[in-house]
């Protein structure tokens, strides 16, 4: 898996050297899938479902993700489930995060989300994002609001 991260580093240096506009979307997402640099975040693709238009070919599209954010404070540890969507405009566009209904039962999550589990606009706007970031980077940006 370390070799995949090396591939991203090489692509970033090629991007800089040849003034490429950006690294291809699926390369960044593939790196998110294989990255193990985060201790409080996991990301994995949602299983494909041929009977569901959105999830059909998800392994190729890499659009829908199941993520977890592990929040530790003192002796308390909470695990929050998040559905993440990386549209075809990713990485130019931030991922869309939706917390699970179970996670919404926690006060700190309910404060930063609407009733459907979507991040409130003012919170989403405060989370740093650029087209070179991985999903884990974005989720760690959310960590400070918990």
When residues of segment 81-105 are limited to those that are in contact with a strand residue (DSSP E or B) (Cβ under 6 Å, 6 or more places away or on another chain) and touching a residue at least 24 places away in the same chain (Cβ under 8 Å), the one surrounded by the fewest Cβ atoms within 10 Å (Cβ to Cβ): 83
By residue number, the members of segment 111-135 that are over 17 Å from residue 78 (Cα atoms) and assigned to a helix (DSSP H, G or I) are 121, 122, 123, 124, 125, 126, 135
Do we have residue 59 as buried (at least 18 other Cβ atoms within 10 Å of the Cβ) and more than 12 Å from the chain's Cα centre (by Cα) here? no
Taking the options 118, 78, 58, name whichever one is at pLDDT 95 or above and in contact with a strand residue (DSSP E or B) (Cβ under 8 Å, 6 or more places away or on another chain). 118
May I ask you to list the residues in segment 12-34 that are out of contact with any strand residue (DSSP E or B) (no Cβ under 8 Å at 6 or more places or on another chain), more than 16 Å from residue 130 (Cα to Cα) and at pLDDT 60 or above? 13, 30, 34
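Out of curiosity, is residue 108 loosely packed, with under 15 Cβ neighbours inside 10 Å, in a helix (DSSP H, G or I) and in contact (Cβ under 8 Å) with a residue 24 or more places away in the chain?
Working: loosely packed, with under 15 Cβ neighbours inside 10 Å: yes; in a helix (DSSP H, G or I): yes; in contact (Cβ under 8 Å) with a residue 24 or more places away in the chain: yes.
Spelling it out, residue 108 is indeed loosely packed, with under 15 Cβ neighbours inside 10 Å, in a helix (DSSP H, G or I) and in contact (Cβ under 8 Å) with a residue 24 or more places away in the chain.
The values are calculated or read from the model by the stated rules, or taken from the named source; none is laboratory data. No experiment lies behind these values; they were computed from the predicted model shown. Note: ideal-geometry Cβ built from the backbone for every residue, glycine included; neighbour counts use all protein chains shown.
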